[in-house]
Structures are given as structure tokens and as C-alpha cells.
1. Among the residues of segment C:176-200, which ones are within 14 Å of ligand 5 (Cβ to nearest atom) and within 11 Å of C:I17 (Cα to Cα)?
2. Is it the case that some residue within segment A:6-13 is β-branched (V, I, T) and in contact with a strand residue (DSSP E or B) (Cβ under 8 Å, 6 or more places away or on another chain)?
3. Within segment B:207-216, is even one residue within 14 Å of chain D (Cβ to nearest Cβ) and surrounded by fewer than 24 Cβ atoms within 10 Å (Cβ to Cβ)?
4. Quick check on my filter: what residues within segment C:123-146 are in contact with a helix residue (DSSP H, G or I) (Cβ under 7 Å, 6 or more places away or on another chain) and either more than 14 Å from C:R185 (Cα to Cα) or more than 11 Å from ligand 1 (Cβ to nearest atom) (or both)?
5. Do we find that B:A272 is under 20 Å from the mean Cα position of the chain (by Cα), more than 30 Å from B:K42 (Cβ to Cβ) and surrounded by 20 or more Cβ atoms within 10 Å (Cβ to Cβ) in this structure?
6. Applying the selection to segment B:118-136, what residues are within 14 Å of another protein chain (Cβ to nearest Cβ) and open to solvent by 30 Å² or more (accessible area, probe 1.4 Å)?
Amino acid sequence: MKKLINAVDDVLTESLQGFAAVHGDIVALGEDNKFVRRRNLKPGKVALISGGGSGHEPLHAGFVGLGMLDAACPGQVFTSPTPDQMLAAAQAADTGAGALFIVKNYEGDVMNFAMAAEMMETKVATVITDDDVAVETSTYSTGRRGVAGTLVVEKMLGAAAEQGRDLSALRALGDDVNKRTRSMGVALTSCTVPAAGKPTFALGEDEMEMGVGIHGEPGRRRVKLASADAIAEEMMGAILTDLAAKPGTPCLLLVNGFGATPAMELYVMANAARRILEGRGFTIARGLVGSYVTSLDMAGCSLTVTALDDTTLALWDAPVHTAALRWGC
Amino acid sequence: MKKLINAVDDVLTESLQGFAAVHGDIVALGEDNKFVRRRNLKPGKVALISGGGSGHEPLHAGFVGLGMLDAACPGQVFTSPTPDQMLAAAQAADTGAGALFIVKNYEGDVMNFAMAAEMMETKVATVITDDDVAVETSTYSTGRRGVAGTLVVEKMLGAAAEQGRDLSALRALGDDVNKRTRSMGVALTSCTVPAAGKPTFALGEDEMEMGVGIHGEPGRRRVKLASADAIAEEMMGAILTDLAAKPGTPCLLLVNGFGATPAMELYVMANAARRILEGRGFTIARGLVGSYVTSLDMAGCSLTVTALDDTTLALWDAPVHTAALRWGC
Amino acid sequence: MDQDFKSRLIAAMADAIIAHAEELTALDSAIGDGDHGLNMKRGFEAVLADASNITAKPLPDALKAIGMTLVMKVGGASGPLYGTLAMGLGKALPTEPSVADAAGALGRAIEDVKARGKSEAGQKTMLDVLVPVQVAFAAGGEDIATRLPAVAAEAADATIPMKAVRGRASFLGERSIGHMDPGARSSSLLVQAICSVFDEA
Amino acid sequence: MDQDFKSRLIAAMADAIIAHAEELTALDSAIGDGDHGLNMKRGFEAVLADASNITAKPLPDALKAIGMTLVMKVGGASGPLYGTLAMGLGKALPTEPSVADAAGALGRAIEDVKARGKSEAGQKTMLDVLVPVQVAFAAGGEDIATRLPAVAAEAADATIPMKAVRGRASFLGERSIGHMDPGARSSSLLVQAICSVFDEA
Ligand SMILES: Nc1ncnc2c1ncn2[C@@H]1O[C@H](COP(=O)(O)OP(=O)(O)O)[C@@H](O)[C@H]1O
Ligand SMILES: Nc1ncnc2c1ncn2[C@@H]1O[C@H](COP(=O)(O)OP(=O)(O)O)[C@@H](O)[C@H]1O
Ligand SMILES: [Mg+2]
Ligand SMILES: [Mg+2]
Ligand SMILES: [Mg+2]
Ligand SMILES: [Mg+2]
């Protein structure tokens, strides 16, 4: 395992300390690193709280700040945080209007946030994101995973919360944005969890994992390495079929790197995705390209499409000032 | 070679097209992809033009926009662009106040920009960046390489140009910022140039290249893999010795990923660098952490320190709106 | 139940989990995210570190404390589930339980786990060990502590051909077939550890 | 010089570079950035593509056109340097040069290269081939076109023990010792290609 770290057990703490030190103008670190909190809270605003396993940086701590999250709870690497973290975060961030939990759909995360919600005495609601079309669902199963589309949900909810919407309106909006959003990913290499010390899975020099999750979970199938165009075709096909949006719909396209894929390749994928979207009659109203929802040092990327309307477009464009996303201020 | 690409020969073109499509609000692509230009020029402002081999994205095209560059000339991967590119860029971006070339100190880049400057009929000046302390210089040699510190020079010059400074003032400022700035890098893996198809160099599972350049050039020495603290200690030691700034000096710390190193590790390095800087009595006035000056898919990072004064701090804080750096607007 | 016996139970469970952490992680790498061993180890190390406090409490409170520690330390899916199991046992058990009390309490705690996980036996999870173990336990008979480990081990093996419909492995659909469920394995290890202490007694 | 002869010269140079592109890149990977073969290949492919236009011009203009094409297509350090060399030859040569004209023109073109590169022979660059080749050429004598390739090849070999003080390899300091300079090798290949055409004539 080759990583820029000290002791394996200290990675999370030191990374959080580095993050808090560099972004001290935006965030503050909670006691025992239980959460990362927005430095300047806005009284009367619903507190948006997210969190999940670490290893997906900048998600979620990098999205704490004006116009996005009020707090993020970092779990151990790829492991849901625990209810005490959400309780502490809610206590620190809730200024009276209640707290909204934004949770990626993994049973671990869902159950831990649910336990926290049950323990809370103040108002709380939950939005669950499940944008990953790689998972074929059935009514009996756990459903889909929440992946890079979570960024879109957090950004739009953040803008709406900043504008003063109340808890139940925000929950409804979160569900709406989630429904408008679909993602799918591909891995060219595995990631290596520091504590495990070796790659989670093994891929041949000519193989890729199509439909991979953001923890290096196996995806739809293992296939031969393909061209960027072919990969984009399969991913966009699955996304657009599932999204079933009308041609002409303005879209947000997010090309998300998994951690070890450089910008040059991400823009090649953006170009491929753009050609496909435009070929099917969609307009790319907004685009975002970068490594935002990562899987440690996995190589690969995901594509996310959100079907926009005037409201969601305006929420996307609203000012945001976090460590990882910033515009309009 | 595992990359998200189509044909090797199309990587650069497709990546630039994807970039221009996603950031069409900020940039426009010149004919034959000779340059990336700021969409809305500011008449009367000195045109800042940079460029260099591709494979370092987001440098330089990602820094084109308000408050930073007016145009960037992308060469082939790791190969200096050619004089016709700079001539075309200058023609497109110069609104009458002349053009300033910002060039990283590699003979290829220096000679190609020099040829362009000789061919130009309008006012032109050149700033050369050479911040890499890994190279031990002598009066006879080519000198040091320009690496991640180039970002700092481009940002500060961009702000100053926006404020209306003239060509000779900007050249002097560029030299000053360059002198205040020192960098050093380490690689954990090689990069793979698409056209070459295999890694540029080979590192054992327990080795790293200390003092690596941004093209996978060998560095000071090949050593056993070390902890983040030990790596930061060696790099900061070399940087601070060379910089010879007075303790108490406010610093800008840039922790730059080389392309395949995730944010979690960069923040561990940021934390290590911070402790060392503070331990030696420096203040970290500003910090920037991310993959900004990359070497394709190389794993590793560089540290850059700029000794600030009031002027340079204000220039750093001034509004910038580019694909890769944005604040204040 | 005296303090020493509670100590030995905690030590046996923690030892089993810590000794098999890599195996659990390897199982979880195949069909999950490769952290089950790390999660469980972190949780039981915390229980071990607090053992003198925990064992000083009466059995129900000791179990609740173990459950709370697991919830706050394990994380992931297994944290809330094992935490719920332990807390459920704490709620259902008297201070000095009979074998019948224990079997009944386990049954009720398993219902809590099902409610927390929205799950049932047959879905390739820890419940596929917990449920048959509870059934055998409730049926009782001679040498129950000697026989249960085999029941648990067989039940864990029986998750291999199952297709997961709960937990992270469910994202794999058909591809989850052919691997043992990590949570089933950790449940089997815990049953074995607990039984060995009773067996020695 | 007739058009056919110019065509054969261009073809010989382009063939040599294209056939050895991987070798040049491998040399550059060891002490540079691994693109010398790719750069030179791109440049000479462009020259080849434009050969009918180029060869239609008188020799000095043909050389200037080759130089301009190399400058605009090669990039890197070798683009301006080989471009300067060819343009320098174009400036210095008459339309139908004697051997003495040619040796003199090469000498003047090499001075242009030195000025462009701020370099001298002895610094582990292409100049360590160009300079001794020009010296041998100027000394003249029997079968000069047959003897020059060996001079060039030996000169390229002689860069192996040198420590680089110009070009990317100079960043390596002592570590540049023990490798042949890629630009020295490409110069040697070009000398060989040109001489082979004169030899056949
Ligand atoms: N809904 C559920 N009901 C019962 N058991 C579950 C459920 N979800 C997961 N599990 C159990 O948890 C185990 C995984 O635990 P762990 O790896 O620690 O958490 P995570 O899946 O969050 O990484 C699975 O092997 C399974 O036995
Ligand atoms: N200043 C210089 N003077 C003469 N030759 C040089 C100089 N700098 C570089 N070279 C030559 O150029 C070669 C490298 O060319 P190339 O790899 O194409 O460019 P780059 O170094 O920019 O990648 C070196 O091997 C050397 O022979
Ligand atoms: Mg997990
Ligand atoms: Mg080069
Ligand atoms: Mg797991
Ligand atoms: Mg080179």
C-alpha cells in the first residue's frame, strides 16, 4: 500500500485536522472529531446535516458552508458514522428550526441516522439519496445506493435552506431532487482501505468494473476495458432510460472522478457524455467536472444527470461557499 | 495502460473540447485548439498568456478567466506548445496593452515562447517561474524547474493585471512573486504518457521518488517509502532553507496533488506541513489543497510555500473566476 | 451472574472477534465494502476497554451498556444491529436468568433486530445465524452449549448459496451467491465464544 | 539540387526518425520526460506530408520551410533547436552549394543553435554530435559521406558518460551520467540518413 499517511489509525484524525486548519475560515471541528460544522451558522435556518463513511472526500465535509451543509459527520473509512455523532452535530448546528439529515441509501447509514433521529428531542426529518442506476432494484431489496448525486441534493437543499424554507418543504424538495437525479460509475482500479492495507478487489490489466459503487463494491459486471465513448454510452444509456426525461429537458451533468483519475481523462469523459446527451436531444444547462465523491484512490469515474426545472436550476446557481464548491460569493 | 480515453491521438483534442463545452461561460477554444481564451476580455488590460505541455490539468487552461489568465496554449502531453500557438493566443487576447508570457523554466518552453516573442510586432514581456528547490542549481546549469508555484504567480499577476498594472510593472511583480515562492514534490508512482502506453519510470512497492518533477522526471533521490511526516519534513526543510524567510512571515501553503492522490491524503500532508511551518514560527495566512498542477496519473504531491506581504496577500485574495479556482465573485 | 463470569464472556467474545477480524474483513471485501472485521474489532475493543465498568453492573444493565458501546463504536450496518441485539437482551433478561429466560429474551431481541434492519431470516444476513440458533436454544435439551456452535457454524455456511436481499451484498444481486455473509460469520463466532464460556463453567 | 534528390533526403530523414521513435522516447524516459521520439516523429511526419511543396522550392527556401515546420510541429526543446538549425542552413546556403559551402553553412547554423539554446558542445546535447560532425565535414577528404555516420555515432556514444548541464537531463545532475542523450542520438540518425542519400548518389 502506497499512501501519504502516518500511522493507519491516525489517517482520519490527521486528515480532518488538516482540513479544519486549511479551511478554518469556513468550518470548525467538533469535539472528538465527531463532526465538521459551519463556522458561522445562520439563526432560524433549518440545519442540514449529512455524513457517512470517510474516504469520499470532499464529500461531505468539503460541502459544509454557506449555501450547502451546516454539519457533516465523518465515519471511519467506508463505515457509517454513529448516532452520537449526529446528535452532537445537530446540537451544534440546530438554531431552532430543526435538522434535516441527508443520508445516502446504505443500511448502515440509514440505521445509524435513524437511531440518532429517534434519540433526538428536537425536530428532525430525513432525506435519503439513491441515485445509482447500476443496482437493479426489486421491491424486496434494499434499493439503490446513494452516490455522486448526493452532491446535487446537498447543493440544492443548501440553497433552499438558506432562502428560509422550512423542514417539511426541504424534505419534499430533497426527495424531488433525488428523483430527478441518476448516476452510474465505472472503476479501472480498486481502492485500498488504509486499515486493510491491500486493494479491496483485483482487476486485470484489461478489465474494468462497470457499475461500481463508491466503496469499491462490485458493480453490474466485470468487462474488458473499453473506450471512453463506449463506457459513456453504457452509463448514459442506463441513466437516461431510468430517468425517462423528455428530450429538450435542460440537464445538469456531473462528471465525477473517483480519486485517482486526472482531470484530463474526466474531460474526455465529459466530452463523450455531452455528445451522447446532445445526440438524444437534451441540453446541458450546467456542468461540473472534478473529483467530488471519491472512493479513496480508486481510478474511474461516475456520470450523474439531473433533469432541471427553473426552481432547481436557480437553486444550483445560488451562492455557495464551501471548501470544495464555491461560486456566487 | 488503463485510461478513460478513446484513441491515444485524440486525447488532447477531446479533453479540450470537453473542457470548453463544460466551461463555455468562462472560456472559448481557439482555432485548431491552439489556445483557450477568456471569453470576455477586458479592454486595456495587459493580456496574460501562459501555456506548456498538457498533462498538468487544470494548469493552465483551468486558470483562464477573470482575475487570472487571458489565454493558455496547450502543448502535446508534456511537450512545450509551439510559437504559432502563442502568436495566435496573443492576437486573440491582446487588447492593446501588450502581452505577458508566463513560462515555466524548461528550455523547451523558454525557447518556444522566446521564438514567439521575437516574431511578435506588439509589446510583449516574459516572466519565468523556477520554484522547484529539488533541483540543485549551479551557475552553469539550466536552473530550476517551474512547478506548482506557477499557480501562485499566475493568480497574483492575474489580480494585478485586472487592477490595471502595466506590462513592465507586471513583469517585475511576476519576478517578485516567483522569488517568494518555493516548491518540492514527491512521487509514489510513475505517470503514463498516453502515447507511450507504459509508465515513464518504475518504482518498487516500497520506494518513492523524492524531489520528482511534474513530468515524472527523476528527482533528488529514490528512497524507501516514508511517513507523511517524514516526507513533509524533508520537503519543507528544503523549501524553507532556500526561501530563508524570517520567522513570523505570513505564508501561503499550497498542497498540490499530482493527479492520482486523493484529497484525504493531501489533507494529511497539509496537516504535516502546517505543523512544521508553525513549529518554525511561520503563520499560515492562506492555504490551498487540491490537484492543481498535475502529472497525468502520477500519485504523489508537492508542497509550495509563498512568503506573503500585504500586497501579495491582497492579490491572492482578489476575485478570481476560472474553471479551477474561484472566489470573491 | 457474577462479575468474573461476565468478564470471561466479554473476553471470549472480544478475543474471537479480534482473532478473526481479518477473516471477517476478507468476507466483507468479497460482497461488501471490506470493513466488517475492522468495525467489529473497534467495537469489541471498546467493550473490552470498559469491561470493568460494564461487568460491575447487573446483567441487564451490562448488556445495555455493551449495546450502547457497540452502537457508538462499530458504525456501519452491524453497529446498530448488534447494538440493538445487546440492548434488546438487556431489556428482556432478568438479573439471574434461567435457560428458558435466555432463549425467550434472545427471541425478543432478534425481533428488535428485524425491526431495525427491516429484515427477516433468508436474506443472507446475521439473522440467518441468529434465528436458527435461537430456535435450537429454545428447543433446549442436553448439552445445549456444546451443540449450539455447530448449529451456528452450519447456519453461517448455509448463507453461502443464498442471494442477498439485505445489506450491502444485496447491491450485487446474483453475484452475491457463493460467498458467506460476513455478519453471519461474526454471529457464529460470537455464539461459539459465549457457548465456550458456558461449557467451561 | 533537383526535386527528386530533395525528396529522397526528406524521406530518408523522416524514415530514420519514425523507425527509431520508440528508441528516442526510451532514451528520453531515462533522463528526460519521454517524448523526444514522439516529438520528432510528429515533426518529420508533417515535413513528409508537405514534401511536394517543400521540394518544389529552391534549396534555401526548402530548408527554411522544413525549419518552420519543425518549429511549429515538434514543440519541446528539440523543435526550436532543429528548426533553428534548418532555418540557419537555409539562410547560409546558396541554391547549388559546394561541399565547402555546405560545411560553412552548417557551422553558421550550429552557431544559431548555440545562441537559441544558450549552449555549447560538452553539455550532453545534440551539439555534442553536431559540432564534431561539422568539424569532420569541414576537414573534408575522401568519402566524407561514408565516414561521417561513424563520427556521428561515436559522438552520440560519447554523451553517455557526460553530465548534462543543458536540457531536461540537467535537472538530474549526477544522475544524468550513464545514459545517451536523446537529442544526440536523433542528430546522429539524421546525419546517417542524409549521408546515405549522398552515398547512393
Ligand atoms: N438489514 C439488515 N438486517 C440484518 N443484517 C444486516 C442488514 N444489513 C446488513 N446486515 C448485516 O451486517 C453485515 C455487514 O456489516 P458491516 O460490514 O459492519 O456494515 P456495512 O455493510 O455498513 O459496511 C452483513 O454481513 C449482514 O450480516
Ligand atoms: N539548451 C539546449 N541546447 C542544445 N540542445 C538541447 C538544449 N536543451 C535540450 N536540448 C536537446 O533536446 C533534447 C530533448 O528534446 P525533447 O525531448 O524533444 O524536448 P524536451 O526536453 O522539451 O522534452 C535533448 O536530448 C538535447 O539533445
Ligand atoms: Mg461499511
Ligand atoms: Mg517534453
Ligand atoms: Mg462492511
Ligand atoms: Mg523530452
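1. Passing the criteria: C:R185, C:S186.
2. Yes, the conditions are met somewhere in segment A:6-13.
3. Yes.
4. Hits for segment C:123-146 are C:P132, C:V133, C:Q134, C:A136, C:F137, C:A138, C:G140, C:I144, C:A145, C:T146.
5. Considered against the rule, which asks whether it is under 20 Å from the mean Cα position of the chain (by Cα), more than 30 Å from B:K42 (Cβ to Cβ) and surrounded by 20 or more Cβ atoms within 10 Å (Cβ to Cβ), B:A272 comes out as no.
6. B:E118, B:M119, B:I128, B:D130, B:E136
Results for (1) open to solvent by less than 50 Å² (accessible area, probe 1.4 Å); (2) of a type in the set (V, I, T); (3) out of contact with any Leu (no Cβ under 9 Å at 6 or more places or on another chain); (4) more than 16 Å from ligand 6 (Cβ to nearest atom), shown as yes or no for each residue.
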| position | (1), (2), (3), (4) |
| --- | --- |
| D:G117 | yes, no, no, no |
| D:P132 | yes, no, yes, yes |
| D:R147 | no, no, yes, yes |
| D:A155 | yes, no, no, yes |
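Matching residues to (1) touching a strand residue (DSSP E or B) at 6+ places or on another chain (Cβ under 8 Å); (2) closer than 24 Å to C:G67 by Cα; (3) within 16 Å of ligand 2 (Cβ to nearest atom):
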| position | (1), (2), (3) |
| --- | --- |
| A:P74 | yes, yes, no |
| A:S80 | yes, yes, no |
| A:Y106 | yes, yes, no |
| A:M115 | no, yes, no |
| A:V127 | yes, no, no |
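The values are calculated or read from the model by the stated rules, or taken from the named source; none is laboratory data. Remember, predicted model here, so these are calculated numbers, not experimental data. Positions of Cβ are generated from backbone atoms using ideal geometry, with glycine treated the same way; all protein chains shown enter the neighbour counts. Surface areas here come from the heavy atoms of the whole protein model, side chains and all, with no ligands, DNA or RNA. Shrake-Rupley method; radii C 1.70, N 1.55, O 1.52, S 1.80 Å.
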